[in-house]
1. Looking at the stretch 54-100, which of its residues are of a type in the set (Asp, Glu) and at pLDDT 80 or above?
2. Between a first residue in the stretch 39-53 that is surrounded by fewer than 13 Cβ atoms within 10 Å (Cβ to Cβ) and in a helix (DSSP H, G or I) and a second residue that is of a type in the set (A, V, I, L, M) and at pLDDT below 85, which pairs have beta carbons less than 7 Å apart while being 6 or more apart in sequence or on different chains?
3. Is it true that some residue in the stretch 11-23 is modelled with pLDDT of 90 or more and open to solvent by less than 100 Å² (accessible area, probe 1.4 Å)?
4. Of all residues in the stretch 73-89, which are within 23 Å of VAL48 (Cβ to Cβ) and either among the hydroxyl-bearing types (Ser, Thr, Tyr) or in a loop (DSSP other than H, G, I, E, B) (or both)?
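The values are calculated or read from the model by the stated rules, or taken from the named source; none is laboratory data. Note that this is a predicted model, so its numbers are computed, not measured. Neighbour counts run over all protein chains shown; Cβ positions are idealised from the backbone, glycine included. SASA here: full protein model, heavy atoms, side chains in, ligands and nucleic acids out. Shrake-Rupley method; radii C 1.70, N 1.55, O 1.52, S 1.80 Å.
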Amino acid sequence: SPAQKLVFNRVNGKRPQVLLHQVSSPEECYTLAHEENVRFIYEAWQQVEQQLDGSQSGDSACGPVQYVEKTPNPGLKNFVPIDLEEWWAQQFLAKIENCS
C-alpha cells in the first residue's frame, strides 16, 4: 500500500493565525508584520488562481495569463517540484519525535 500522507486541512482554505506565544523555538518567531505579509501574499495568490481557473473555463476575457515556456530547458527535464505541504508535514513530525 502507498505511504500515508499527512494532510493539514485549512478552515475556508486559509491558514490559521499563529500567535507568537504558540511558537516553541526562537528560530520560528514571526512578527505580526511577517504574518500580515504572508496572509496578504496568500490571499492575493488565491485570487490569481481563481482568475486563472475562470479564464481557462472561458468565464473571463481578460485577467492573468499563465506563462508556458515554448522551448523547455533540457537541463530541467528531470526537475521535480517540491511538495511544500509534505515537507512541512515531515518537519512537523520530526519536531514531535524530537520532543518526545
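1. Step one: filter the stretch 54-100 for residues of a type in the set (Asp, Glu), giving 59, 69, 83, 85-86, 97.
Listed by number, the residues that qualify are GLU69, ASP83, GLU85, GLU86, GLU97.
2. From residues that are surrounded by fewer than 13 Cβ atoms within 10 Å (Cβ to Cβ) and in a helix (DSSP H, G or I), there are no pairs.
3. Of all residues in the stretch 11-23, those modelled with pLDDT of 90 or more come to none.
Checked against the condition, which is being modelled with pLDDT of 90 or more and open to solvent by less than 100 Å² (accessible area, probe 1.4 Å), the stretch 11-23 yields no hits at all.
4. PHE79, PRO81, ILE82, ASP83
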